[in-house]
Amino acid sequence: MGADHFVIANNLDVEVRFDLITILKNKTIFKIEHLESAFYHF
């Protein structure tokens, strides 16, 4: 994974978290959802 390589290559002492933003749109619905901590880097 690119983020994992970046953290290791730059010797960063950080926590990495990935969030997802979903957008659902059709003729009658427009919905935005924020999924925190969808997955973590290893």
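The values are calculated or read from the model by the stated rules, or taken from the named source; none is laboratory data. Since we're looking at a predicted model, the values are computed, not measured. Cβ placement follows ideal geometry from the backbone for every residue including glycine, while neighbour counts extend to all protein chains displayed.
Brief remarks on what is shown
- Segment 1-15 - residue that is in contact with a His (Cβ under 9 Å, 6 or more places away or on another chain) and among the aliphatic types (A, V, I, L, M) and, of those, modelled with the highest pLDDT: Val7
- Restricting the first member to segment 7-24 and to residues that are of a type in the set (A, V, I, L, M), and the second to residues that are in a strand (DSSP E or B), the beta-carbon pairs closer than 7 Å and six or more apart or on different chains are Val16/Tyr40; Leu20/Leu35; Leu20/Ala38; Ile21/Ile32; Ile21/His34; Ile23/Ile32; Leu24/Lys31.
- Within this structure, Ile32 fails the test of being surrounded by 10 or more Cβ atoms within 10 Å (Cβ to Cβ) and of a type in the set (A, V, I, L, M).
- Qualifying residues in segment 1-15 (those that are within 13 Å of the chain's Cα centre (by Cα) and part of a loop (DSSP other than H, G, I, E, B)) - the one surrounded by the fewest Cβ atoms within 10 Å (Cβ to Cβ): Glu15
- Members of segment 16-42 found to be part of a loop (DSSP other than H, G, I, E, B) and modelled with pLDDT of 85 or more, listed by number: Asn26, Lys27, Thr28, Ile29
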